[in-house]
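The block underneath contains the structure these notes are about, expressed in C-alpha cells.
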Amino acid sequence: MKKIIVTGALGQIGSELVEKLRNTYGVDNILATDIRKIESDQGPFEVLDVTDGKRMHEMAHDFGADTMIHMAALLSATAEKNPVFAWNLNMGGLMNALEVARELNLQFFTPSSIGAFGPSTPKDNTPQDTLQRPTTMYGVNKVAGELLCDYYYTRFGLDTRGVRFPGLISYATPPGGGTTDYAVDIYYKAIEEGRYTSYIAEGTYMDMMYMPDALQAIVDLMEADSSKLIHRNAFNISAMSFEPSQIAAEIKKHMPTFDMSYEVDPVRQAIADSWPNAIDSTAAVNEWGFKAQYNLEKMTIDMLEKLQLRLEKKIII
Ligand code: AKB
C-alpha cells in the first residue's frame, strides 16, 4: 500500500486527486499539503510552502511517505504576469521536491503540460519527442522540469514519472490562471447566465481532457510496470482537441438559447497560439496503456449535469 505526500493539494488537480487517492489507497495513507489552510479536514493535512525544502523533508519523513506527487505550481497566464515569482515557485518547489524524493527514496510524479511546446513545435499530431522551444515562462519551467526529472532518474535512479497535461476541465474545483480555463468558464457561464464571452479566438484548437481521465492517468502511470517505461516523464496525453465554437455548439445542443461572443485577450491568445493544435498520445498508450473515457460530447453531458447540481448546492464532491 502506498503512502503518498501531495503538494498543491488544494489546487485544481490536487483537490480532486487527493479524493481519488484516498478512495484508492485509504484516507490515512495520503498526506495532503498546501500553502493555504484547508477549511474542513477530510484526512491528514499540513500547511506547506514548497519553497521550504527542510519542512517538506520533515513532513515526508514523519509521515513515512514512499511516494511524492508534486502539484504545486503557477499556471501559464499567472506565470506570465510575474515571471520571476513563477521561476522561483515552479523551479524552486520542484528542486526541493526532487531532493526530498532523492533523500527519502520516494517514487515521484509531477505534471508537465502542453505548455512545454512552442511555436516551432509541429502543431498537429505533435510527436512525443520533438522540438521544444516555448516562449512563455511557464513553458520554460515545464521543459526544465521535464529535463530535471529525467536527470534525477538517470543520475540517481529515482523513480520519476510524469505526463504533459492538456487543458483540464472539471465541475469540482475551478482552475486559476491558465490559458485553457475558458473551456471550464464556459460551462459555469452557460448555466449561470446563458451566455459566454470567450477570451480565446474562434479557430484556436487546443488539447483538453476531462478531470476523471486526468486523475486515472496519474494513478495508471504510477502503477505502471517500470520496465515498460521508455520515456518515464512528460508523456503526451490528450483526450480531445477543439476550438471555442465547437464547445459552444456542444453546449447549445443541451441549452438551445446559449450564446457565445468573443473578446480576445491578447496575452492568453498569444500563449494559445504558441501551443499545439493536437498532440499524439501514442507513447503513453503503448508504454502504460493510457486511455481516455470522455470525448467532448460525453464530457459536456456530464459537466452540465454535475455543475448544475453543484451550483444549486445539491452536490459537492
Ligand atoms: C494552462 O492553461 O496553463 C494549463 C496547462 C495547459 O498547462 N491548463
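Say a site is exposed when it is one of the GluC sites (Glu not before Pro), sits in a DSSP loop, and has at most 12 other Cβ atoms within 10 Å; what is then the longest site-free stretch of the chain? Result, exposed sites excluded: 40-262.
What FRET efficiency would be calculated for the residue pair E202, D302, taking the C-beta separation as r and a Förster radius of 35 Å, to the nearest 0.05? Walk me through the intermediate numbers first.
Values: r = 25 Å, r/R0 = 0.71.
Efficiency at R0 = 35 Å is approximately 0.90.
Since only W87, P166, A97 are under comparison, the one whose Cα sits farthest along the positive direction of the charge dipole of the chain, derived from C-beta charges on Lys, Arg, Asp and Glu, is A97. The label point for E99 and the one for R155, both projected 7 Å from the Cα toward the Cβ, are 1.2 nm apart.
Taking a sphere under 14 Å around the Cβ of M211 and counting the other residues whose Cβ falls inside, with K and R at +1 and D and E at -1, yields a net charge of -1. In this structure, the amide hydrogen of G167, modeled 1.01 Å from its nitrogen in the peptide plane, lies closer than 5 angstrom to those of D207, M208, M209, counting only residues at least 5 positions away or on a different chain.
Divide by every residue of the chain the summed helix terms, -39500 (n - 2.57) for each DSSP H run of at least 4, and state the resulting mean residue ellipticity at 222 nm, rounded to the nearest 500 deg cm²/dmol.
On the way: 12 runs with 136 residues, N = 317.
Rounded to the nearest 500, it is -13000 deg cm²/dmol.
Determine the gain in length on full extension of the stretch S120-R310; use 0.36 nm per residue of separation and subtract their C-alpha separation, reporting nm with one decimal. Could the numbers behind the result be given before it?
Numbers: separation 190, 0.36 × 190 = 68.40 nm, distance 4.11 nm.
Result: 64.3 nm gained on full extension.
Rounded to 0.05, the FRET efficiency of the D66 and N286 pair, given R0 = 22 Å and the Cβ-Cβ distance, is 0.20. For the chain, the dipole from Cβ point charges (+1 on Lys and Arg, -1 on Asp and Glu) about the Cα centre works out to 140 debye, to the nearest 20. Taking the chain as the reference, fit the longest principal axis to its C-alpha atoms, fit the long axis of helix 211-223 to the helix C-alpha atoms, and give the angle between the two in degrees, 0 to 90, nearest 10. Its long axis makes an angle of about 20 degrees. Proximity of backbone amide H atoms, modeled 1.01 Å from N, is registered between I237 and R164 at under 5 Å, excluding neighbours fewer than 5 places apart on the same chain.
Restricted to Cα atoms, the chain shows a radius of gyration and a Dmax of 18.8, 58 angstrom.
Between T126, T136, T24, the GNM of the chain built on Cα springs shorter than 10 angstrom shows T24 fluctuating the most.
For R195 and N88, calculate 0.36 nm times their separation in residues minus their Cα-Cα distance, and state this gained length in nm to one decimal. Could the numbers behind the result be given before it?
On the way: separation 107, 0.36 × 107 = 38.52 nm, distance 3.82 nm.
Contour length minus the Cα-Cα distance gives 34.7 nm.
Please compute the per residue accessible area over the chain with all protein chains in place, 1.4 Å probe, rounded to a whole number of Å². Don't skip to the answer; put the middle values down first.
Numbers: 13480 Å² over 317 residues.
Result: 43 Å² of accessible area for each residue.
Scanning the chain for trypsin sites (Lys or Arg not before Pro) in DSSP loops with at most 10 other Cβ atoms within 10 Å, what's the longest stretch left with none?
Working: sites that count: R36, K37, K313, K314.
Longest site-free region, per DSSP loop and neighbour criteria: 38-312.
In the structure shown, do any of K3/K313; K2/K228; K252/K306; K142/K189; K81/K291; K81/K306 have a Cα-Cα gap over 28 Å, and if so which? Too far apart for the 28 Å limit: K3/K313; K142/K189; K81/K291; K81/K306.
Would you mind classifying the stretch 145-212 by shape? Square roots of the alpha carbon gyration tensor eigenvalues, ordered a ≥ b ≥ c; an a/c under 1.5 is rounded, otherwise it is prolate if a/b is larger than b/c and oblate if not.
Values: a/c = 4.04, a/b = 2.61, b/c = 1.54.
Because a/c hits 1.5 or more and a/b exceeds b/c, the stretch 145-212 counts as prolate.
Distance between the 7 Å Cα→Cβ label points at E223 and T135: 4.2 nm. Under a GNM of the chain (C-alpha, springs under 10 Å), which listed residue has the highest mean-square fluctuation: G93, G53, G289? Residue with maximal mean-square fluctuation among G93, G53, G289: G289.
The values are calculated or read from the model by the stated rules, or taken from the named source; none is laboratory data. All values derive from a computational prediction rather than experimental measurement. Ideal geometry is used to build each Cβ from the backbone, glycine not excepted, and the neighbour counts take in all protein chains shown. The area values use the complete protein model at the heavy-atom level, side chains included, leaving out ligands, DNA and RNA. Shrake-Rupley method; radii C 1.70, N 1.55, O 1.52, S 1.80 Å.
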